[in-house]
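What follows is one structure encoded as C-alpha cells, with my remarks underneath.
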Amino acid sequence: MATMGKTAPTSEAAWDIQERRTDQPHGWVQWKGTDVCMDVHCACGGMSHVDADFVYHVKCPYCGRVYFCNGHIEFIELEKEPDACVVTAGEV
C-alpha cells in the first residue's frame, strides 16, 4: 500500500511526530465532545465525509487507512472582520 505524508505505528507515535504550530498564531482542537463536519481526502484518492463527535482518528471507507487527527490548526489573520461567524475566545 503506497503512502503519502507521515506514517506512525500508533497514536502515541503520531502524537510525537505531529506538526506543532507553537511559534505562530494557532489553535488546538480538543477532539473530545467536538461536533466535527469534515471532508476527508485520503492518500488513496478517496474522498469521504465525517459528521461526528470525538474524532481522534478517521478511517477511509475505500482503502481502510486510519489517520490520527492533529489538533493544531493554522490561524490566518484577516485584515477585515467578516460579517458573520466570528466567535470571541474566552480567557484561560
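Go through segment 64-92 residue by residue and tally those that are without any contact (Cβ under 8 Å) to a residue 40 or more places away in the chain, assigned to a loop (DSSP other than H, G, I, E, B) and not polar (S, T, N, Q).
Going through segment 64-92 one residue at a time, the tally reaches 16.
So HIS72 passes all but one of these: (1) over 20 Å from ALA89 (Cα atoms); (2) in contact with a Lys or Arg (Cβ under 7 Å, 6 or more places away or on another chain). Which condition number does it fail?
(1)
Take TRP15 and decide whether it is surrounded by 11 or more Cβ atoms within 10 Å (Cβ to Cβ), of a type in the set (Phe, Trp, Tyr) and in a loop (DSSP other than H, G, I, E, B).
no
Inspect all residues belonging to segment 51-63 and state whether any of them is out of contact with any helix residue (DSSP H, G or I) (no Cβ under 9 Å at 6 or more places or on another chain), at pLDDT below 80 and in a loop (DSSP other than H, G, I, E, B).
No, that holds for no residue.
Quick one: in segment 21-50, which of the residues that are assigned to a loop (DSSP other than H, G, I, E, B) and modelled with pLDDT of 90 or more is surrounded by the most Cβ atoms within 10 Å (Cβ to Cβ)?
By that ranking, first place goes to CYS42.
Out of the residues in segment 71-84 that are exposed (fewer than 10 other Cβ atoms within 10 Å of the Cβ) and within 20 Å of the chain's Cα centre (by Cα), state the one that is nearest to THR22 (Cα to Cα).
ILE76
The values are calculated or read from the model by the stated rules, or taken from the named source; none is laboratory data. Bear in mind the structure is a predicted one, so any value in this text is a computation, not a measurement. Counting neighbours? That spans all protein chains shown, and the Cβs are built from the backbone with ideal geometry, glycine included.
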